[in-house]
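To keep things clear, I will list the structure first and then write my remarks on it.
The values are calculated or read from the model by the stated rules, or taken from the named source; none is laboratory data. Owing to the predicted nature of the structure, the values given are computational and were not obtained by experimental measurement. Counting neighbours? That spans all protein chains shown, and the Cβs are built from the backbone with ideal geometry, glycine included. Each accessible area value is taken on the protein alone, full model and side chains, heavy atoms only, with ligands, DNA and RNA left out. Shrake-Rupley method; radii C 1.70, N 1.55, O 1.52, S 1.80 Å.
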Amino acid sequence: MSGPINDRTMFHADNAYFYPATRIRTRRLKTHTVSNTAFRGFGGPQGMAFAERMMDAIALRLGLDPLDVRKRNLYAKGRDMTPYGMKVRTTSRSK
């Protein structure tokens with residue numbers, strides 16, 4: 001299942017953040033150990049964990065507060081196209 005899991009990881013690698021110029025790639029590898037358990041979400045959590053770790057690394061490198069880096073990079077109007085070409089839209093819910 002490595003292929004589909006890696007594909008889904010890539011689709012979640014942006015999480016909630018706008019990447020104006022990026023290339024997202026994965027590499028499938030074999031190991032000599034077996035998988036012990038499934039990670040719920042079938043690749044999604046791994047992609048989101050990557051995005052959050054990247055925000056932390058950027059903040060550390062630039063000497064900024066990680067929350068500020070996260071807020072500055074959130075999807076917003078005019079910054080609403082995912083790396084794979086899907087437009088992010090907001091929805092309103094009626095009560």
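Of note:
- Residue ID - farthest from the chain's Cα centre (by Cα), chosen from residues in segment 72-93 that are part of a strand (DSSP E or B) and of a type in the set (A, V, I, L, M): Ala76
- Of the candidates Thr82, Thr31, the single residue that is open to solvent by less than 70 Å² (accessible area, probe 1.4 Å) and of a type in the set (S, T, N, Q) is Thr82.
- Residue selected from segment 1-19 under the condition within 13 Å of Gly43 (Cβ to Cβ) and hydrophobic (A, V, I, L, M, F, W, C), by the criterion surrounded by the fewest Cβ atoms within 10 Å (Cβ to Cβ): Met1
- Residue in segment 2-24 that is over 20 Å from Pro83 (Cα atoms) and modelled with pLDDT of 80 or more present: no
Residue-by-condition table, conditions (1) of a type in the set (Val, Ile, Thr); (2) touching a residue at least 60 places away in the same chain (Cβ under 8 Å); (3) open to solvent by less than 60 Å² (accessible area, probe 1.4 Å); (4) part of a loop (DSSP other than H, G, I, E, B):
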| site | (1), (2), (3), (4) |
| --- | --- |
| Arg27 | no, no, no, yes |
| Gly47 | no, no, yes, no |
| Arg53 | no, no, no, no |
| Leu60 | no, no, no, no |
| Arg70 | no, no, yes, no |
